[in-house]
Amino acid sequence: MKSETRVAVIGGGVVGASVLYHLTKAGWKDVLLIERAELTSGSTWHAAGGMHTVNGDPNVAKLQQYTIELYKEIEQISGQSCGVHITGGLMLAGTRERLDWLKMAKARGRYLGMDLEIISVDEAARLFPLLDKKHFKGAMYDPIEGHVDPYGVTHAYAKSAQLGGAEIVRHTRVTDLKARSDGSWDVITDHGNVHAEYVVNAAGLWAREVGRMVGIELPILAMEHQYLITGDMPELKGKKEQLHCIDFEGELYLRQERGGMLLGTYEKAGVPWSPTETPWDFGQDLLANDLERIAPSLEVAFKHFPALGDAGIRKVVNGPFTFAPDGNPLVGPVKGLKNFWVACGVMAGFSQGGGVGLALSRWLIDGDPGADIWAMDVARYGDWATLAYTNAKVRENYSRRFSIRFPNEELQAARPLRTTPIYERLQAANAVFGDYCGLEHSLWFAPTAQSAKDEFSFHRSNDFPHIAAECDAVKNSVGLLEISNYGKFEIKGSGAADWLSHVMANRVPAVGRIALTPMLNERGKLIGDFTMCRIAPEHFLLIGTYAAETYYQRWFERHPAGPGVSIRPCAMEYVGLSIAGPNSRALLQGLVRDDLSTAAFPFLSFKRMEIGTVPGYVGRVSFTGELGFEIWVTTDYQRALYDLLVSAGRKYDLRPFGGRALNCMRVEKSFGTWAREYRPIYGPFEAGLGRFVDFRKEKFIGRASATKERDAGALRLLTFKLETKDSDALGDEPIWHDGKVVGWVTSGAFGHRVGHSLALGYVPAAIAGATSGFEIEIIGERHQAQPLSEAAYDAKGSRMRT
Ligand SMILES: Cc1cc2nc3c(=O)[nH]c(=O)nc-3n(C[C@H](O)[C@H](O)[C@H](O)COP(=O)(O)OP(=O)(O)OC[C@H]3O[C@@H](n4cnc5c(N)ncnc54)[C@H](O)[C@@H]3O)c2cc1C
């Protein structure tokens, strides 16, 4: 083994091998892969090798497409067969809801260029004769599905990487990692040490343990997973290879394996493997079979596919593989650790391994993953994702692997975990809660405790009339919303304003004022949107998306402020309440000594005030489009503040409202939000945030690219008025224009104040000016969509500025 390397990749499973290959492909040849045993000695060797392009996140789906297309390339370079069988695949729907879900998946596939087709049960039975038609309602056909040979794929990546200059050492275990002061690493192994500029943790089943070597607890857990292979079946003799098949309601997947079928299950009673510590002596081993655990799934399988019942079992495989709490990979540089990267938690290595390697290599070499990989970014988890949280969430995710998640369905594992001081008060007001970064927040309020429950649906549901009433209260009097679930940073010090001016695109506000600002990367793409509040000349409160707190911190580490500046995340130190509506000023004025008139406290003002007995910061901002105030207090005061506002609000029929009503109102105002309208694939002008980019500043990150984008941005964010009956767009639906798919929806909602359905979405700039010809496809039906030239509600913004 060499003693110096630019990158040390730890782990020779399919993911580590792909990372190594992609680094060499991008031109980095001085790279080393260290494998404790033989290649594939983690979860890779016993995988079923299935692959498909469909994924709930379109950006991950694109990387899955890339992975499948890559197999030809690495076969050609390496001369090693990947054993690719493209059989085509069927996703079977056993219920009407599942068929709706498939229609939505097909629609999403349209703008990804995927050739998916909804077919009848008869057609499904013709393509996959083993199924019993009476259990199914329809299916989706995907021509690009199949399976590969896990050994072949891993070795094809590895050989291609070696031909590109990489070194691979086997039977060498990394036992420790020591950081040097320049950010490089001493990689300690049982066969000597190597000094590496960068380390990539691709240690699969041991990624958690490798993380612990550098003091982090990665949110991953291995689950036992079983599949069985039947004896030879006469039904398959002399026939073309059977399609890949997923039976969602049966929670089963099937494919042909020689003369029999391979049948895998994601059973409800899934069992974690090595929940706290993965044994280092686990090699190419299998776990003991537990057919009893999957007996309920097998019973369904024999009903849905009767011939399987007579085929007998030739072999059972039980092996562990890892998951993150949401089932998506963990990829990228780790906050707080220089030059330490992860590529782990990859539960579908043969669909995703190539995409993970591509994104990581680009990110490491060019400073940007080259695609929107927010759904896989390791920074989406914060400290709240503890070992026990991960355990509960991964078990839930495993048991729901093939379940439908309805848009209004909140998952229940590991809840309630984090609550604010007013949680019980909101509960008493019949709040229906959602979970965001482990924190409970109210979604809507029901009239009684018994009715405080969502009825899951793709259509409008039982919350609809109550959200309407909440929006009505905000429009006509005043509503109260908890806003604690925002990320916050306190920035202090003599260079604070200069640093903010450098990292943010908008102008730093004057003392007592607020500026809304995008944050851009060097490519001029949106990597954050903030409310920047100036408390004193050298003291700021920065408010942004809580889920992106770690993501922001990582960016701030890359662009450090001078020694005189402190940047402190303080999300849970300041909790908040917002009041919104025409009576919000009168309500608050009764509690504060400061003059709240527009003359004295205009829109975008920010000031420390005493609200009754409670000290806090009051900002005059509005995400609802109505006159409104946001009040931030330290946690110990939140209950007192809530009680004061509720008591003073009786006079105005103050009504609590939740996140869903807020979503309806911000869509009416065409206000975007992070991870929906604002993502690192869009520029500020494309996203309609151009007015918050201050080109009078000579320097800020992304300025040069934003200048180009101003004149030549390829996309435009539009607001559409929709004609629908009982459903609204949810996000990710295709936008059609003149019979062609041209764009995608980012958010949708019913606008209760305007009385119709609305959607926000991106279309090519070249057709953004068209006034007709648009349609949006919702649950398989195309609806006329009228582009609006301005926000649907109070476009001039006079209500929030009065
Ligand atoms: C029964 C079963 C069926 C599956 N079916 C499918 C399927 O059909 N399709 C699909 O896409 N996926 C499937 N999977 C999942 C798939 O196996 C994983 O997605 C994939 O193997 C993950 O690869 P990896 O490289 O991240 O991890 P691993 O395969 O676990 O590789 C990690 C490697 O790192 C090495 N290593 C760890 N620590 C160190 C260290 N300290 N020093 C040196 N080396 C180290 C290990 O020896 C190992 O070789 C299945 C898994 C199982 C268990």
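Only the coordinates and a few stated rules stand behind these numbers; no lab work does. In this text, all values refer to a predicted model and were calculated from it rather than measured experimentally. Cβ atoms come from the backbone with ideal geometry, glycine included; neighbour counts cover every protein chain shown.
Provide the gained length on full extension for the span I86 to T634, in nm with one decimal, where the gain is 0.36 nm per separating residue minus the Cα-Cα distance.
Numbers: separation 548, 0.36 × 548 = 197.28 nm, distance 5.79 nm.
Working it through step by step, the gained length comes to 191.5 nm.
Would you please put 675-682, 473-480 in order of how densely packed they are, using the mean number of other Cβ atoms within 10 angstrom per residue and starting with the highest? Mind showing how you got there, number by number?
Numbers: 675-682: 20.2, 473-480: 24.2.
Those peptides, ordered most packed to least, come out 473-480, 675-682.
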Taking 0.36 nm per residue of separation between E538 and A468 and subtracting their Cα-Cα distance, the length gained on full extension comes to 20.9 nm
Amide H contacts under 5 Å for L33, restricted to residues at least 5 apart in sequence or on another chain and with H modeled in the peptide plane, are V9, E167, I168, V169
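Output the peptides 90-99, 112-121 sorted from most to least packed, where packing is the average of other Cβ atoms within 10 Å over each peptide's residues. Write out the running numbers ahead of the final one.
Numbers: 90-99: 20.3, 112-121: 15.9.
Listed from highest to lowest mean packing, they are 90-99, 112-121.
Might you report the magnitude of the Cβ-based charge dipole of the chain about its Cα centre, with Lys and Arg at +1 and Asp and Glu at -1, to the nearest 20 debye?
On the way: 89 positive and 94 negative charges, 368 e Å.
So the dipole magnitude of the chain works out to roughly 1760 debye.
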Listed by chain and number, the lysines with an alpha carbon less than 18 angstrom from that of K29, same-chain partners under 8 positions apart left out, are K2, K159
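Order 635-646, 343-354 from most to least packed using the mean count of other Cβ atoms within 10 Å.
Listed from highest to lowest mean packing, they are 343-354, 635-646.
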With a ≥ b ≥ c from the Cα gyration tensor eigenvalues, square-rooted, and the rule rounded for a/c under 1.5, otherwise prolate when a/b > b/c and oblate otherwise, the stretch 106-161 is oblate
Put in order of increasing Cβ neighbours within 10 Å, starting from the fewest, M1, M233, M223 give M1, M233, M223
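For a footprinting-style exposure proxy, rank T276, T386 by other Cβ within 10 Å, fewest first. Mind dumping the intermediate values first?
On the way: T276 10, T386 14.
Fewest-to-most ranking of T276, T386: T276, T386.
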Taking placed amide H atoms and a strict 5 Å upper bound, the residues 5 or more places from V745 or on another chain that come that close are D732, E733, I735
Given Cβ charges of +1 for Lys and Arg and -1 for Asp and Glu, the option among G152, M140, A222 whose Cα lies farthest towards the positive end of the dipole of the stretch 112-222 is A222
Rounded to the nearest 10 degrees, the helix 150-163 long axis (Cα) sits at an angle to the longest Cα principal axis of the chain of 80 degrees
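Give the relative contact order (percent, whole number) for the chain; include only Cα pairs under 8 Å separated by 6+ residues.
Numbers: 1880 pairs, mean separation 91.8, N = 802.
Relative contact order here is 11 percent.
Of all DSSP beta bridges located in the chain, what percent are antiparallel, nearest 5?
On the way: 133 of 159 bridges.
Restricted to the chain, the bridges split so that about 85 percent are antiparallel.
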Distance in nm between K2 and S274 label points, each 7 Å along Cα→Cβ, equals 3.0 nm
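Find the relative contact order for the stretch 392-479 and round it to a whole percent, using C-alpha pairs within less than 8 Å whose residues are 6+ positions apart. Mind showing how you got there, number by number?
On the way: 89 pairs, mean separation 20.9, N = 88.
The normalised contact order for the stretch 392-479 reaches 24 percent.
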Listing M213, M51 by rising number of other beta-carbon atoms within 10 angstrom, fewest first, gives M213, M51
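Below 8 Å, C-alpha to C-alpha, sequence gap of six or more: please give me the relative contact order for the stretch 278-423 in percent.
Working: 115 pairs, mean separation 27.5, N = 146.
Result for the stretch 278-423 is 19 percent.
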Rounded to the nearest 10, the angle in degrees between the Cα long axis of helix 14-25 and the longest principal axis of the Cα atoms of the chain comes to 80 degrees
Checked against the positive end of the charge dipole of the stretch 401-477 (+1 on Cβ of Lys and Arg, -1 on Cβ of Asp and Glu, about the Cα centre), the farthest of F402, W444, N476 is F402
The long-range amide H neighbours of N408, using H built 1.01 Å from N in the peptide plane and a cut-off of under 5 Å, are S457
Dividing the alpha-carbon radius of gyration of the chain by 2.2 N^0.38 Å, where N counts its residues, gives 0.98
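Could you work out [θ]222 nm for the chain from helices alone, using -39500 (n - 2.57) per DSSP H run of at least four and dividing by all its residues? Round to the nearest 500 deg cm²/dmol.
Numbers: 18 runs with 197 residues, N = 802.
Value at 222 nm, helices only: -7500 deg cm²/dmol.
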